[in-house]
Amino acid sequence: MPAWWWSADIALAAVLVLLEGAALAAFCIAEGIKKWAAEGGHVEGADRRFWMVLTIGPAGLAAVSYATFQAGLLVTALSQALIGPALLGYLWLGRSSARRRTRPRRGGGSSGLDDGPRALQ
């Protein structure tokens, strides 16, 4: 393959990875703004949107990877095949850590460190 083909392949791979990163950042920012507007409460449809991104995103990346492989753009196909699981892992780990932060403590008791004004009475 000519040198310009490899250059175009690498440039396309970089552009697609940047677009996917920007789309993920926009999704996270939009969901964060919705959560902030709800003052930290439950946002209607958040789980549905999360699962949609979690399923459609990697499926789209797999389709792009297959199509670019068929077109002979090997670097782009490889980058799409690698970025898909990376973004999926980021979403999954971010979601599980967010759930850990918001999960109520067992036992319902306080640690006693920050009981507020009621502790003084």
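The values are calculated or read from the model by the stated rules, or taken from the named source; none is laboratory data. Everything quoted here is computed from the prediction, not taken from an experiment. Using ideal geometry, Cβ is built from the backbone for each residue, glycine included, and neighbour counts are taken over all protein chains shown.
Looking only at the stretch 54-72, count how many residues are in contact with a helix residue (DSSP H, G or I) (Cβ under 7 Å, 6 or more places away or on another chain), at pLDDT 90 or above and either more than 10 Å from G84 (Cβ to Cβ) or basic (K, R) (or both).
2
Which of the residues that make up the stretch 71-90 are surrounded by fewer than 20 Cβ atoms within 10 Å (Cβ to Cβ), in contact (Cβ under 8 Å) with a residue 60 or more places away in the chain and not in a helix (DSSP H, G or I)?
Listed by number, the list holds a single entry, G72.
Would you mind stating whether A62 is exposed (fewer than 11 other Cβ atoms within 10 Å of the Cβ), in a helix (DSSP H, G or I), under 17 Å from the mean Cα position of the chain (by Cα) and not aromatic (F, W, Y)?
no
Restricting to the stretch 67-82, give me the number of residues that are among the hydroxyl-bearing types (S, T, Y) and over 22 Å from the mean Cα position of the chain (by Cα). Can you show your working first?
So in the stretch 67-82, the residues among the hydroxyl-bearing types (S, T, Y) come out as 68, 76, 79.
Imposing the further condition that a residue be over 22 Å from the mean Cα position of the chain (by Cα) reduces the set to 68.
Result for the stretch 67-82: 1.
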